[in-house]
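The values are calculated or read from the model by the stated rules, or taken from the named source; none is laboratory data. The shown structure was predicted, so the numbers you read here are calculated from the model rather than taken from an experiment. Positions of Cβ are generated from backbone atoms using ideal geometry, with glycine treated the same way; all protein chains shown enter the neighbour counts.
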Amino acid sequence: MNSPDFAASPTPDSHSESSRPDVVVVHTGSANLASVSAALTRIGATPRLTEEADLVASAPIVILPGVGAFGAAMASLRRSGLDDALRERVRLNRPLLAICLGLQLLCESSEESLGISGLGIVPGEVRRFAPPARVPQMGWNRIAPSVNARLLRPGWMYFANSYRLDSIPPEWSGATTEYGDDPPSFASALERGTLLACQFHPELSGRAGLDLISRWVNSALTSGAVAC
């Protein structure tokens with residue numbers, strides 16, 4: 001699906017180097033780390049790549065990106081103790097942004113890797129798009145936020161996924177996107193507390209995506225949960 005015309009992406013804001021917020025980026029072994037780091041730099045933040053579980057559990061702001069297979073990514077998280085660190089982080093309501101496979105890893109399981117448990121933070125199983133939907137979904141599609149979403153805005157975002165969570169779970173807000181027939185829409189984003197999870201790639205979604213990352217970082221900076 002083609003995207004509408006976008007305005008030029010925002011330039012980095014005029015923070016001094018000392019005032020640029022650090023954002024810890026989890027090294028899952030299967031993530032598009034360069035594009036996430038570039039997006040953070042453009043909004044005036046400093047990316048810090050790590051596999052250290054203690055840092056992921058306690059850092060003020062953390063991103064869990066992901067590109068690749070569910071089972072391989074979960075194995076990588078478990079080897080480093082990052083699975084427990086992420087669960088602890090969410091339990092303590094410390095800000096976390098999960099991207100693409102990152103959202104799927106938050107769920108209980110995935111059809112992509114049968115018998116492999118996810119982090120179990122989000123209830124439900126991730127399922128493959130059913131025929132006749134073309135997989136992977138590659139390109140621009142529109143997200144429709146729920147009425148109680150805080151950070152999400154209606155608009156076009158960039159997707160690259162063959163699997164999805166069917167619906168927004170109870171007690172969560174988020175956004176839905178239409179693709180395929182069974183069901184005709186899926187959960188393209190989730191929000192709860194200081195956790196934001198996006199099935200799309202905000203770091204590849206032009207100005208709208210960078211604005212979303214910026215809103216999330218600013219929300220994390222003003223959240224009491226950051227003082228950890």
Residue check for Val23: at pLDDT 95 or above, farther than 20 Å from Pro123 by Cβ and within 13 Å of the chain's Cα centre (by Cα): no
Members of region 20-43 that are within 15 Å of Asn218 (Cβ to Cβ) and either aromatic (Phe, Trp, Tyr) or without any contact (Cβ under 8 Å) to a residue 40 or more places away in the chain (or both): Arg20, Asp22
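Please work out if Ala85 is surrounded by fewer than 18 Cβ atoms within 10 Å (Cβ to Cβ) and either within 25 Å of Leu40 (Cβ to Cβ) or modelled with pLDDT of 95 or more (or both).
no
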Strands (runs of 3 or more DSSP E) wholly inside region 94-213 containing at least 2 residues that are small (Gly, Ala, Ser): 107-110, 137-145, 155-161, 173-178, 185-192
Failed item, numbered, when Ala98 is tested on (1) over 16 Å from Val67 (Cα atoms); (2) of a type in the set (Gly, Ala, Ser); (3) surrounded by 15 or more Cβ atoms within 10 Å (Cβ to Cβ): (1)
Any hit, region 64-82, residues being without any contact (Cβ under 8 Å) to a residue 60 or more places away in the chain and touching a Lys or Arg at 6+ places or on another chain (Cβ under 9 Å): no
Odd one out for Ser9 among (1) crowded, with 18+ Cβ neighbours inside 10 Å; (2) modelled with pLDDT under 50; (3) among the polar types (S, T, N, Q): (1)
Of all residues in region 139-155 being among the hydrophobic types (A, V, I, L, M, F, W, C) and surrounded by 13 or more Cβ atoms within 10 Å (Cβ to Cβ), the one that is farthest from Gly193 (Cα to Cα): Trp140
